[in-house]
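For reference, the structure discussed in these notes is given below.
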Amino acid sequence: MASGRMEFHADSIMQHANFAFVLPNDVNMEEVKDRRHYNRPPKSLILLHGLTGTDTDWLYGGVAQEMAIQYNLAVFMPTVGNSFYLDRGYAGGNYATYVGEELPSYIRKVFSFCGSREDTIIGGLSMGGYGALHIALEYPETFSSCIALSSALRMLDAGPDGAHFEDILPPAMIRDIFGDPNSLASSDKNPEIQYKKLKAKGGPLPKIYLAIGTEDSLYSVNQIFRSFLEKEKADFLYEEGPGRHNWTFWNAYLDRALSFVLG
């Protein structure tokens, strides 16, 4: 098992960007519970952190290394600050472009992973759960599956002045990230809008795994999105269980998510 951190210049965010990685290149088969995942080449998972997080969160708090071993995955974990993985519309602030386009391209060149849509997954927790949904729907030709854990989908019930956001983000920050709160629900920053547009185009739609703890403050907004996916007859699996907004829940449900998306 190889692991480390790298830094490269990313044009989309105009800075040297950090990402951590775990590669299953020397796994001891005695560690592996289900060896069928080693009857194929490794697949790739871009795994996203939450608000205030960094590229090492899934290494130190999470189970990135264990999941890489069990599922024969090359895992790549970028740092994007508190950007919500969204494009600002100018060079230097395009975080969706960075994670959805520039980072996979760099990984292909350097590591020879993220080579095909079928072999590339994106996932994340909280802000990263929202980011995984946004990027999978923005770049459906890159990602075949999306794992969204405890997703920060506050825009699905936000009021006209950003109500329901203000308990976690200052109003000025909400406007900087999401733009005018009055138009948020009808914008491409709403995954429901993204999904409808992509479905109308007839393009490939990602398989979605959605999970939330029943004691999580984000439970209600995840129910809204679950109902939307049911109405759209999406290819998705929703799971819930006792749990809060913490690593105990995310680690357990990342394992369940990978079992679903990898079949």
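The values are calculated or read from the model by the stated rules, or taken from the named source; none is laboratory data. The structure presented is a predicted model; accordingly, all values stated were derived computationally and were not measured. Counting neighbours? That spans all protein chains shown, and the Cβs are built from the backbone with ideal geometry, glycine included.
Quick one: in the range 75-129, which of the residues that are over 19 Å from T56 (Cβ atoms) and aromatic (F, W, Y) is surrounded by the fewest Cβ atoms within 10 Å (Cβ to Cβ)?
It comes out as Y90.
Exactly one condition in (1) without any contact (Cβ under 8 Å) to a residue 24 or more places away in the chain; (2) surrounded by fewer than 14 Cβ atoms within 10 Å (Cβ to Cβ) is not met by T214; state its number.
(1)
Specify the residue that is farthest from the chain's Cα centre (by Cα); the eligible residues are those in the range 240-263 that are among the aliphatic types (A, V, I, L, M) and more than 20 Å from M127 (Cα to Cα).
L262
Would you mention how many residues in the range 180-192 are touching a Gly at 6+ places or on another chain (Cβ under 9 Å) and at pLDDT 80 or above?
First, the residues of the range 180-192 that are touching a Gly at 6+ places or on another chain (Cβ under 9 Å): 181, 184, 187, 189.
Keeping just the survivors that are at pLDDT 80 or above gives 184, 187, 189.
Final tally of qualifying residues: 3.
Across the range 198-224, what is the total count of residues that are within 17 Å of E138 (Cβ to Cβ) and in a helix (DSSP H, G or I)?
4
Residue-wise test of (1) modelled with pLDDT under 95; (2) β-branched (V, I, T); (3) under 19 Å from the mean Cα position of the chain (by Cα).
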| residue | (1), (2), (3) |
| --- | --- |
| I13 | no, yes, yes |
| A20 | no, no, yes |
| K33 | yes, no, no |
| G50 | no, no, yes |
| D55 | no, no, yes |
| G62 | yes, no, yes |
| F76 | no, no, yes |
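Can we say Y195 is on the phi < 0 side of the Ramachandran plot and not in a helix (DSSP H, G or I)?
no
Which residue pairs have Cβ atoms under 8 Å apart, sit 6 or more places apart or on different chains, and have a first residue in the range 82-101 that is over 12 Å from I46 (Cβ atoms) and a second that is in a loop (DSSP other than H, G, I, E, B) and basic (K, R)?
Close Cβ pairs (under 8 Å, with a partner that is in a loop (DSSP other than H, G, I, E, B) and basic (K, R)) amount to L86/K189; N94/R88; Y95/R88.
Could you check the range 64-74 and list, in sequence order, the residues that are touching a residue at least 60 places away in the same chain (Cβ under 8 Å) and crowded, with 18+ Cβ neighbours inside 10 Å?
M67, A68, I69, Q70, Y71, L73
I'm checking my understanding of the structure. Among residues of the range 192-206 that are within 21 Å of F260 (Cα to Cα) and out of contact with any Cys (no Cβ under 7 Å at 6 or more places or on another chain), which one is surrounded by the fewest Cβ atoms within 10 Å (Cβ to Cβ)? Please lay out each step first, then the result.
So the first thing to find is which residues in the range 192-206 are within 21 Å of F260 (Cα to Cα), and the list is 195, 204-206.
If we keep only those that are out of contact with any Cys (no Cβ under 7 Å at 6 or more places or on another chain) as well, we get 195, 204-205.
Working: Y195: 21, P204: 11, L205: 19.
Filtering first and then ranking leaves P204.
Can you list residue pairs whose Cβ atoms sit under 7 Å apart, with the first residue in the range 109-134 being more than 16 Å from D216 (Cβ to Cβ) and the second being among the basic types (K, R)? Count only pairs 6 or more apart in sequence or on different chains.
Note: pairs meeting the criteria are C114/R108; G115/R108; D119/K43; I121/K43.
Considering only residues that are assigned to a loop (DSSP other than H, G, I, E, B) and free of Cβ contacts under 8 Å to residues at least 24 places away in the same chain, look in the range 1-49 and name the one that is nearest to L59 (Cα to Cα).
N28
Which of the residues spanning the range 70-119 are among the polar types (S, T, N, Q) and part of a strand (DSSP E or B)?
Matches in the range 70-119: N94 only.
Give the residues of the range 1-37 that are within 18 Å of Y95 (Cα to Cα) and polar (S, T, N, Q), sorted by residue number. Lay out the reasoning, then the answer.
Let us first name the residues in the range 1-37 that are within 18 Å of Y95 (Cα to Cα), namely 6-20.
Those that are within 18 Å of Y95 (Cα to Cα) and polar (S, T, N, Q): S12, Q15, N18.
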